[in-house]
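Colleague: Here it is, the structure in full.
The values are calculated or read from the model by the stated rules, or taken from the named source; none is laboratory data. Please read these numbers as outputs of a predicted model, since none were measured by experiment. Here the Cβ positions follow ideal geometry from the backbone for every residue, glycine too, while neighbour counts run over all protein chains shown. To get the accessible areas, we keep the full protein, side chains included, count just its heavy atoms, and leave off ligands, DNA and RNA. Shrake-Rupley method; radii C 1.70, N 1.55, O 1.52, S 1.80 Å.
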Amino acid sequence: MKFRNLLVISDNLYMCQHVASILNEYPVHVRYAHSPGSPIGYLLSLTKSEDPINDCIDLKDANTVSLIVGQYDLVISLHCKQLFPNQLINAVKCINLHPGFNPANRGWYPQVFAILHHTILGATLHEISEELDNGPIIAREVVDLYEWDTSKTAYDRVVEKEIELFSKNIDSILKGEYKTVIDNSPGFLSLKKDYNKLLQLDLSKQGTFKEFIDYLRALTHPPYQNAYFTESNGEKIFVELILKKAE
Ligand code: 0FX
């Protein structure tokens, strides 16, 4: 193995559990950590490591980053909410598993924007570079997107594809035998603030049923309450869509 000391930073427990069960099969030492403010502090239970690095890793702290650089030869971002600083990505190989098909789905909540903009959707494993979700691509695969999908049903499919992609490629990554491709097509980058702007519905907006169905299904992701309008008394009323295929 080229890479033996791995640090996985994740803020998504489901992804982390699946990746941990895949990595358990390899002769590597893995440390799992989460970001400050992440509710998944019990990620610790996934590892028996005695490592001195805290289980919560703050990548804004330069000392912490220096420690990581000295100790690990591969850092994996698994839905990690923090940006990786240049100090880290220039010193250690860092890779990211992204819930979108890059560069078409860079950034936040890719399936929401794929439904809204009728674009491709998928999952990507890539090296981390200075540009968000735009590093050299190790592997990527398309995920089907249907007219009846909500954000939730599309997301669930993407997550399974991410785990499959990780499982298929981790052997060549750990051996340092993988190849990358660079796709310079313009793509699309969504930020959290772009998503937040979608949530308040403009009740006077005109359009077609298709446009409104697409809009609302893109924001339907139970148990989250996303799209809403405001009553005259100022109270928020949340809206979600139920789509059922004929049996
Ligand atoms: O971990 P993750 O699935 O992914 C997000 C970004 O989409 C991804 O690009 C980034 N690399 C990663 C660090 O963070 O996010 P999540 O677990 O917070 O949310 C999962 C899905 O749930 C999301 O795609 C849409 C839905 N959701 C989530 C929240 C918090 C909502 O519909 N409303 C919400 O308020």
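Colleague: Restricting the search to segment 10-33, which residues are within 16 Å of the ligand (Cβ to nearest atom) and touching a Ser or Thr at 6+ places or on another chain (Cβ under 6 Å)?
Modeller: Asp11, Cys16, Tyr32
Colleague: Select from segment 61-81 the residues that are of a type outside the set (D, E, K, R) and within 11 Å of the ligand (Cβ to nearest atom) and write down the one among them that is farthest from Asp11 (Cα to Cα).
Modeller: Residues of segment 61-81 that are of a type outside the set (D, E, K, R), as a first pass: 62-72, 74-80.
After this cut, where a residue has to be within 11 Å of the ligand (Cβ to nearest atom) as well, the list is 77-80.
Details: Ser77: 9, Leu78: 7, His79: 6, Cys80: 5 Å.
The extreme case among them is Ser77.
Colleague: Among what's in segment 82-98 and is touching a strand residue (DSSP E or B) at 6+ places or on another chain (Cβ under 9 Å) and farther than 18 Å from Thr180 by Cα, pick the residue that is farthest from the ligand (Cβ to nearest atom).
Modeller: The initial filter retains those residues of segment 82-98 that are touching a strand residue (DSSP E or B) at 6+ places or on another chain (Cβ under 9 Å), namely 82, 84, 88-89, 92-98.
Next, only the ones that are farther than 18 Å from Thr180 by Cα stay: 82, 84, 88.
Working: Gln82: 8, Phe84: 11, Leu88: 16 Å.
So the residue we want is Leu88.
Colleague: Checking Ile89 against (1) at pLDDT 90 or above; (2) more than 16 Å from the chain's Cα centre (by Cα); (3) open to solvent by less than 50 Å² (accessible area, probe 1.4 Å); (4) farther than 19 Å from Leu132 by Cβ, which test does it fail?
Modeller: (4)
Colleague: Among (1) open to solvent by 40 Å² or more (accessible area, probe 1.4 Å); (2) at pLDDT 95 or above, which single condition is Asp214 missing?
Modeller: Only one criterion in (1) open to solvent by 40 Å² or more (accessible area, probe 1.4 Å); (2) at pLDDT 95 or above is unmet by Asp214, namely (1).
Colleague: Return yes or no: is Lys48 among the basic types (Lys, Arg), at pLDDT below 95 and surrounded by fewer than 21 Cβ atoms within 10 Å (Cβ to Cβ)?
Modeller: Numbers: among the basic types (Lys, Arg): yes; at pLDDT below 95: yes; surrounded by fewer than 21 Cβ atoms within 10 Å (Cβ to Cβ): yes.
Criteria met by Lys48.
Colleague: Give, as residue ranges, the strands (runs of 3 or more DSSP E) completely inside segment 131-247 that count at least 1 residues that are charged (D, E, K, R) and farther than 21 Å from Ile120 by Cα.
Modeller: Numbers: elements: 137-142, 228-230, 236-238.
Those strands (runs of 3 or more DSSP E) span 236-238.
Colleague: Here is a follow-up. Kindly establish whether Arg140 is more than 13 Å from the ligand (Cβ to nearest atom) and open to solvent by 30 Å² or more (accessible area, probe 1.4 Å). Walk me through it before giving the result.
Modeller: Working: more than 13 Å from the ligand (Cβ to nearest atom): yes; open to solvent by 30 Å² or more (accessible area, probe 1.4 Å): yes.
Yes, satisfied.
Colleague: Also: Being among the aromatic types (Phe, Trp, Tyr), within 13 Å of the ligand (Cβ to nearest atom) and either in contact with a Lys or Arg (Cβ under 7 Å, 6 or more places away or on another chain) or farther than 18 Å from Pro110 by Cα (or both) is the filter here; which residues of segment 192-247 pass it?
Modeller: Listed by number, the residues that qualify are Tyr228, Phe238.
Colleague: Any residue at all in segment 127-141 that's of a type in the set (A, V, I, L, M, F, W, C) and either closer than 24 Å to Lys245 by Cβ or in contact (Cβ under 8 Å) with a residue 60 or more places away in the chain (or both)?
Modeller: Restricting attention to segment 127-141, the residues satisfying the condition of being of a type in the set (A, V, I, L, M, F, W, C) are 128, 132, 137-139.
Cutting the leftovers down to either closer than 24 Å to Lys245 by Cβ or in contact (Cβ under 8 Å) with a residue 60 or more places away in the chain (or both) gives us none.
So far as segment 127-141 goes, no, none of its residues is of a type in the set (A, V, I, L, M, F, W, C) and either closer than 24 Å to Lys245 by Cβ or in contact (Cβ under 8 Å) with a residue 60 or more places away in the chain (or both).
The rows are residues; the columns are (1) of a type in the set (A, V, I, L, M, F, W, C); (2) open to solvent by less than 70 Å² (accessible area, probe 1.4 Å); (3) more than 16 Å from the ligand (Cβ to nearest atom).
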residue	(1), (2), (3)
Gly135	no, yes, no
Ser151	no, yes, no
Arg157	no, yes, no
Lys161	no, yes, no
Leu165	yes, yes, no
Ile173	yes, yes, yes
Val181	yes, no, yes
Ser185	no, yes, yes
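Colleague: Still on this structure, please answer the following. Between Ile68, Ile53, which is at pLDDT 90 or above and either out of contact with any Cys (no Cβ under 8 Å at 6 or more places or on another chain) or under 23 Å from His98 (Cβ atoms) (or both)?
Modeller: Details: Ile53 fails: at pLDDT 90 or above.
The unique qualifying residue is Ile68.
Colleague: Any idea how many residues of segment 100-120 are open to solvent by 20 Å² or more (accessible area, probe 1.4 Å) and within 11 Å of the ligand (Cβ to nearest atom)?
Modeller: 3
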